[in-house]
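J.: Just passing along the structure, written as structure tokens.
The values are calculated or read from the model by the stated rules, or taken from the named source; none is laboratory data. Quantities reported herein were computed from a predicted structural model and do not represent experimental measurements. FYI the Cβ positions are ideal-geometry reconstructions off the backbone, even for glycines, and counts take in every protein chain you see.
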Ligand SMILES: Cc1ncc(COP(=O)(O)O)c(C=O)c1O
């Protein structure tokens, strides 16, 4: 039986044509028509300027530098995230302060943010920035977060690596804070086989990010450099994949959501397994279908369920390990952490590829049902939530 993976690339059809064009026209570098077209398409969908990069981690690095983060600074970060979302804090010699999640969204708890800002202000050492993550396709509750950061004068970088296409009160994830960043890693809702996007309302920041991403070469004939730069620009070949993928983003969102709600419906008669909350303030793309397992109700632990799925040749993963528990960040200051720890201990991500067939999803569902001691289903029903 073939292995069902967590989240795999899903091409729309036109990607190969754009990549072929890059070969045919010999634009095999970090300049070319695909990059221009990809950025233009992104900008017109998103409503603000953007620059395509090699990764989201690179975008965060540039973003934090633009916000003035440097040695001895503090940066507030959601603790429940992927390590690439906060490593750039250390690239710049600064230190993160981790903040707990809220059960209602799994994202940053505004109350933790308030406590942290109040204490930092009392110590006369306000953080330089906040990195707020929008996890698994769902936006954090941005209104209270933005209000607090405005009150204390702290800039907000939205890490929307996992939430391209999500919305908060009608606004796209990544367009609310000073800077927004996205990932096109192979497991994301759309991919360029690896890549990222930096966006900001502030056009001069986008231009500066573009400049730094190309080794910060000063204008003119000679190779003169007055600022530190990086090799962070996306290639024209990969931008071709991005062009094609952006054309099918809305379809991918529909597919990912349908998968999540099919799981939810197929587990509706089971106790101890609940879909990640769907906050009413926006669209959750459900990039990954994540569930919480209550061992007593479900009859099996989360880890036993992952093992059972693995034996059935199905890949499932725990919810991400909070940053304040990582050896890399041992000793870092953190506010709360118990909610993120509980979500990490009980949370499971099930196969969520937009290309997942109903037949394969039924295989996953029936393995979960069997582990819970419930009868197998013969067919799937779908009631996509409006
Ligand atoms: C929340 C989050 N932030 C940042 C990253 C880093 O993205 P990239 O792999 O494109 O550098 C990822 C995942 O890949 C992520 O999930």
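J.: Buried (at least 22 other Cβ atoms within 10 Å of the Cβ), outside the structural domain of residue 283 (by TED's automatic domain parsing), within 16 Å of the ligand (Cβ to nearest atom) and assigned to a loop (DSSP other than H, G, I, E, B), is that true of residue 194?
T.: Values: buried (at least 22 other Cβ atoms within 10 Å of the Cβ): no; outside the structural domain of residue 283 (by TED's automatic domain parsing): yes; within 16 Å of the ligand (Cβ to nearest atom): yes; assigned to a loop (DSSP other than H, G, I, E, B): yes.
Against the criterion (buried (at least 22 other Cβ atoms within 10 Å of the Cβ), outside the structural domain of residue 283 (by TED's automatic domain parsing), within 16 Å of the ligand (Cβ to nearest atom) and assigned to a loop (DSSP other than H, G, I, E, B)), residue 194 does not qualify.
J.: Now a separate question. Kindly provide the set of residues from segment 176-186 that are within 16 Å of residue 52 (Cα to Cα) and away from the ligand (no atom under 11 Å from the Cβ), ordered by number.
T.: Of all residues in segment 176-186, those within 16 Å of residue 52 (Cα to Cα) come to 179-186.
179, 180, listed by residue number.
J.: Could I ask something else about it? Within segment 85-103, can one find any residue that is within 16 Å of the ligand (Cβ to nearest atom), under 20 Å from residue 187 (Cβ atoms) and in a loop (DSSP other than H, G, I, E, B)?
T.: Yes, segment 85-103 contains at least one residue that is within 16 Å of the ligand (Cβ to nearest atom), under 20 Å from residue 187 (Cβ atoms) and in a loop (DSSP other than H, G, I, E, B).
J.: Is it the case that segment 289-299 has a residue that's farther than 30 Å from residue 114 by Cβ and within 26 Å of the chain's Cα centre (by Cα)?
T.: yes
J.: Okay, moving on. Can you tell me which of (1) more than 14 Å from the ligand (Cβ to nearest atom); (2) modelled with pLDDT of 95 or more; (3) more than 18 Å from residue 173 (Cβ to Cβ) is the one residue 64 doesn't meet?
T.: Checking residue 64 against (1) more than 14 Å from the ligand (Cβ to nearest atom); (2) modelled with pLDDT of 95 or more; (3) more than 18 Å from residue 173 (Cβ to Cβ), the one that fails is (1).
J.: Is segment 318-328 home to any residue that is surrounded by 19 or more Cβ atoms within 10 Å (Cβ to Cβ) and away from the ligand (no atom under 16 Å from the Cβ)?
T.: Within segment 318-328, the first condition is being surrounded by 19 or more Cβ atoms within 10 Å (Cβ to Cβ), and the residues that meet it are 319-320, 322-324.
Still in the running and away from the ligand (no atom under 16 Å from the Cβ): none.
Within segment 318-328, not a single residue is surrounded by 19 or more Cβ atoms within 10 Å (Cβ to Cβ) and away from the ligand (no atom under 16 Å from the Cβ).
J.: For segment 213-225, does any single residue satisfy the condition of being within 16 Å of the ligand (Cβ to nearest atom), surrounded by fewer than 24 Cβ atoms within 10 Å (Cβ to Cβ) and not in a strand (DSSP E or B)?
T.: First, pick out the residues of segment 213-225 that are within 16 Å of the ligand (Cβ to nearest atom): 213.
Those still in the list that are surrounded by fewer than 24 Cβ atoms within 10 Å (Cβ to Cβ) too: none.
So far as segment 213-225 goes, no, none of its residues is within 16 Å of the ligand (Cβ to nearest atom), surrounded by fewer than 24 Cβ atoms within 10 Å (Cβ to Cβ) and not in a strand (DSSP E or B).
J.: Just to be sure, is residue 111 surrounded by fewer than 18 Cβ atoms within 10 Å (Cβ to Cβ), away from the ligand (no atom under 16 Å from the Cβ) and modelled with pLDDT of 95 or more?
T.: On the way: surrounded by fewer than 18 Cβ atoms within 10 Å (Cβ to Cβ): yes; away from the ligand (no atom under 16 Å from the Cβ): yes; modelled with pLDDT of 95 or more: yes.
In short, yes.
J.: Also, quick follow-up: Look through 32, 84 and report the one residue that is surrounded by fewer than 22 Cβ atoms within 10 Å (Cβ to Cβ), modelled with pLDDT of 95 or more and under 24 Å from residue 331 (Cβ atoms).
T.: 84
Matching residues to (1) within 14 Å of the ligand (Cβ to nearest atom); (2) touching a residue at least 40 places away in the same chain (Cβ under 8 Å); (3) assigned to a helix (DSSP H, G or I):
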| site | (1), (2), (3) |
| --- | --- |
| 105 | no, yes, no |
| 116 | no, yes, yes |
| 146 | no, no, yes |
| 150 | no, no, yes |
| 156 | no, no, no |
| 188 | yes, yes, no |
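J.: Still on this structure: For segment 358-371, does any single residue satisfy the condition of being farther than 18 Å from residue 273 by Cα and loosely packed, with under 15 Cβ neighbours inside 10 Å?
T.: Step one: filter segment 358-371 for residues farther than 18 Å from residue 273 by Cα, giving 358-360.
Within this subset, residues satisfying the condition of being loosely packed, with under 15 Cβ neighbours inside 10 Å are 358-359.
Yes, there is a match, as at least one residue in segment 358-371 is farther than 18 Å from residue 273 by Cα and loosely packed, with under 15 Cβ neighbours inside 10 Å.
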